[in-house]
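Report on one structure; see the data block that follows.
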Amino acid sequence: MPGRTAIGLDIGTSGVRAAELSYDKTGVTLEKFGQVALPEGAVRDGEVVDRAAVADAIKALWRGSGFRGKKVALGVANQRVVVRQIDLPWMPAAELKQSLPLQVQDFLPMPVEDSVLDFHVTEELNDGGTRGLRGLLVAASRDMVMSNIEAVQAAGMRVTSVDLTSFAVLRSVGRPAGEVATEALIDIGSRISNLVVHSGGVPRFVRVLLTGGQDITDAIAERLGVPTALAEAVKRGTDTEVTDEELRLAGSAVDLMLEVFVDEIRSSIDYYAASNPQFRPERLVVSGGGSLVRGLTDRLSSAVRLPVVFANPISPLHVGRTGLDEQQLELVQPLAAVPVGLALGVIS
């Protein structure tokens with residue numbers, strides 16, 4: 001019998017995904033994983049705009065994948081989430097939480113009363129006997145968070161925690177300092193990508209990028225004048241019903257979008273490294289459905305001048321009766337980082 005369980009729910013632009021983990025003295029086990037596609041436009045840039053469609057997809061996900069629980073940990077990441085490194089005076093955790101709105105209002109581009117706030121401490125400071133806290137301030141638009149929560153509630157679920165998607169990626173695929181001192185992680189979604197740099201599990205830098213694999217698919221579809229489904233197959237190299245000339249045109253569209261995307265990742269990592277020379281990344285770990293684009297890892301390695309490896313959020317886990325065979329588990333591996341990390345946030 002599985003021990004206590006936790007479910008992480010990821011509402012993406014193209015689909016909803018969930019992972020159920022159980023945990024006991026023997027470790028953590030992946031019990032269930034599933035995903036269901038969303039209608040186009042139901043979620044726009046990480047924010048729910050069609051509550052009914054998202055609720056229906058979540059219900060279908062629960063029916064089809066056999067999830068037992070109704071409590072979920074939910075992730076958020078979009079243009080209405082701000083993550084900044086700031087320094088604050090030292091104070092006990094309870095006092096810090098209570099005073100946070102007053103402490104950070106000058107750092108935010110939005111009214112503090114319209115925000116959901118969190119502060120993730122990364123280190124304690126001591127400058128001439130004056131104690132301080134350095135950490136990552138996370139501020140999310142309250143109405144955006146509530147829109148996503150209400151979609152989950154409409155599906156009959158209860159949201160027990162809301163987490164930054166980047167932190168979920170860090171939990172599931174960030175490796176301890178025994179392998180490398182500092183590494184960068186990039187989870188490439190459909191429209192949103194999450195970049196996080198950490199040292200031994202301590203986040204140093206987070207950036208939400210408003211681009212992903214769907215942008216490449218759209219470029220191919222527009223260039224060839226073909227449906228999105230065919231463009232997606234061409235992008236992944238799984239379709240043969242196109243001519244050599246169409247493949248050439250598709251290749252040029254992919255090249256252009258990849259150049260823009262890779263340059264954004266490179267510039268983000270360079271900006272971080274210039275500000276934190278003592279914590280320079282030693283490798284880049286990629287996950288997410290968008291990481292499967294042909295040629296992406298080679299381009300990234302050349303641009304950031306670092307080894308690039310694929311993440312495996314499932315390998316540290318025991319695998320229970322998921323209903324997935326080895327081949328299916330391998331296929332979902334790039335997609336599991338966020339929901340697995342969200343569930344791990346409940347366990348830890």
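We did not get these values from a lab; they are worked out from the coordinates using the rules stated. Given the structure is predicted, the values throughout are model-derived calculations rather than measurements. Backbone-built Cβ (ideal geometry, glycine too); neighbour counts: all protein chains shown.
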Quiz item: Full extension from Ala60 to Ala229: what is 0.36 nm times the residue separation minus their Cα-Cα distance, to one decimal in nm?
Solution: 58.7 nm
Quiz item: Hey, can you rank 107-116, 215-224, 159-168, 298-307 by average C-beta count inside 10 Å, highest first?
Solution: 159-168, 215-224, 298-307, 107-116
Quiz item: Taking the Cβ of Pro277 as the center, what net charge do the other residues with Cβ under 14 Å away carry, scoring Lys and Arg +1 and Asp and Glu -1?
Solution: 0
Exercise. With unit charges on the beta carbon (Lys/Arg positive, Asp/Glu negative), name the residue among Val72, Val82, Phe261 whose Cα is farthest towards the positive pole of the charge dipole of the chain.
Key: Val72
Quiz item: Quick one: what does P(r) look like for the stretch 81-141 with 10 Å bins over all Cα pairs, in whole %?
Solution: 23, 55, 20, 2
Quiz item: Listed highest first by mean packing, meaning other Cβ atoms within 10 Å per residue, what order do 194-203, 122-131 come in?
Solution: 194-203, 122-131
Quiz item: For the stretch 89-200, what mean projected area does the convex hull of the alpha carbons give, in nm²?
Solution: 9.7
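Which whole-number percentage describes the relative contact order of the chain, with Cα contacts under 8 Å and a sequence gap of 6 or more?
Working: 701 pairs, mean separation 73.2, N = 348.
Rounded, it is 21 percent for the chain.
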Practice problem: For every other residue with a beta carbon closer than 11 angstrom to the beta carbon of Pro307, add +1 if it is Lys or Arg and -1 if Asp or Glu, then tell me the sum. | Solution: 0
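Place a +1 charge on the Cβ of each Lys and Arg in the stretch 191-305 and a -1 charge on the Cβ of each Asp and Glu, then give the dipole magnitude about the Cα centre in debye, rounded to the nearest 20. Display every interim value, and only then the final one.
Details: 13 positive and 16 negative charges, 147 e Å.
Rounded to the nearest 20 debye, it is 700 debye.
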Self-check item: Estimated distance in nm for a label pair at Gln105 and Arg142, the labels positioned 7 Å out from Cα along Cα-to-Cβ
Solution: 1.3
Self-check item: Label-to-label distance, nm, for residues given as Asp127 and Gln278 (7 Å Cα→Cβ offset)
Solution: 1.4
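At 25 °C and 0.890 mPa s, what whole-number value in µm²/s does Stokes-Einstein give for the translational diffusion of the stretch 175-310, with Rh from the Kirkwood sum over Cα pairs?
Working: Rh = 15.5 Å.
Estimated via Stokes-Einstein, D reaches 158 µm²/s.
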Self-check item: Phi-based couplings in Hz for the stretch 44-52 (Karplus 6.51, -1.76, 1.60; Gly and Pro marked x)
Solution: 10, 6, x, 10, 5, 10, 10, 4, 5
Exercise. At a Cα cut-off below 20 Å, give the lysines reachable from Lys32, other chains included and same-chain residues fewer than 8 away excluded.
Key: Lys59, Lys70, Lys71
Exercise. Treat the count of other C-beta atoms within 10 Å as a stand-in for reagent exposure and order Ser99, Ser141 from fewest to most.
Key: Ser99, Ser141
Quiz item: What residues have an amide H closer than 5 Å to that of Gly200, excluding those fewer than 5 places away on the same chain, when H is modeled at 1.01 Å from N in the peptide plane?
Solution: Ala177, Glu183
Practice problem: Kindly state, to the nearest 0.05, the FRET efficiency for Arg321 paired with Glu179, given R0 = 30 Å and r defined as their beta-carbon distance. | Solution: 0.45
